[in-house]
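A short reminder: the numbers here are calculations on the coordinates, not readings from a lab. Everything numeric here is computed off the predicted structure, so don't read it as measured data. Cβ coordinates were reconstructed from backbone atoms using ideal geometry, including for glycine residues, and neighbour counts include every protein chain displayed.
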Amino acid sequence: MPQTSNNIVGFVNLLSFLISIPMVIAGVSMSQGSAEECYQVMAKPMIIIGGFFMFFSLVGIIGACCNVTFLLIVYLVLMMFAIIVGIIFSMIMMIATSKEAEEVKTREGYKEYRLPDDPSWLAMAILKENSWESIKSCLTVPEHNVCTDLKERQINSTATELDQNELTPIQSGCCKPPSECGFVYGGMTTWTKNNGGSSKNNDCNLWNNDDKTLCFECQSCKAGFIYGVKDARRKSSVVNIVFCIFIIIFYFISICALGNSAKHG
């Protein structure tokens, strides 16, 4: 059936168009002045990506369903551009996160995170004051503060049981002081500073039991966040590969649709 490829292209792009609508609406809503700074940071990328997919999908729908050869050519060029950008972005992320925060096992058995002496450009960008302030606003937003869950689980009696709570890298770095500080455990997010401690780690001075402070300015918190980015990249690599395979197959289907359109033109 010569029109099968056109129908597939039209249907897939219709789904893509429908998905892009709430993405743009959510981005515009987040960009409003009354929104949390955390959400405003995500607003612009959502509007740009959603707008691109909306335009991209419309071109594909009209080109495939109306047999408009010129629009299908534009659509294929945009798709090739998206494929190239996707591959380059994946390669950059792999390189940028290959030398990030390091995982360290403490004597108590739980994991902590340290920044390397020569962090990558991605880490340096995250560590910039303005960038970190925006990230911190996301980590401490009241509705889903990353440390709230730990505070609600005040069931452990000793600090050595922290490893049993399966702390995320961010929780390990931001919700408790580094183990080398030697603080006295009073709860998952409550620690008493030991005047006899002699650690030279500046994170020990930055720690505060206030829920909005804790260790969110600590290097350990930044290291935990960066390690989380690296871990997320590792987990998403399979999804990226599957998506690239799908988009390449779909690209060839779109070429068939262009051929059908040329015949009918």
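The table for this structure:
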| quantity | calculated |
| --- | --- |
| Hypothetical label at PHE243: residues of the range 48-68 whose amide nitrogen lies under 15 Å (7 Å Cα-Cβ projection) | 48-54 |
| Hz values of 3J(HN,Hα) by residue in the range 128-139 - Karplus curve (6.51, -1.76, 1.60), Gly and Pro given as x | 4, 4, 5, 5, 5, 4, 5, 5, 4, 5, 6, 6 |
| Note, ³J(HN,Hα) from phi for the range 183-192, Karplus 6.51, -1.76, 1.60, rounded to Hz, x at Gly and Pro | 6, 8, 6, x, x, 4, 10, 10, 9, 9 |
| Calculated from backbone phi, Karplus (6.51, -1.76, 1.60) coupling profile of the range 57-73 in Hz, x at Gly/Pro | 5, 4, 4, x, 5, 5, x, 7, 7, 9, 6, 8, 4, 4, 5, 5, 5 |
| Interchain or long-range residues, amide H under 5 Å from LEU214's placed H | ASN208 |
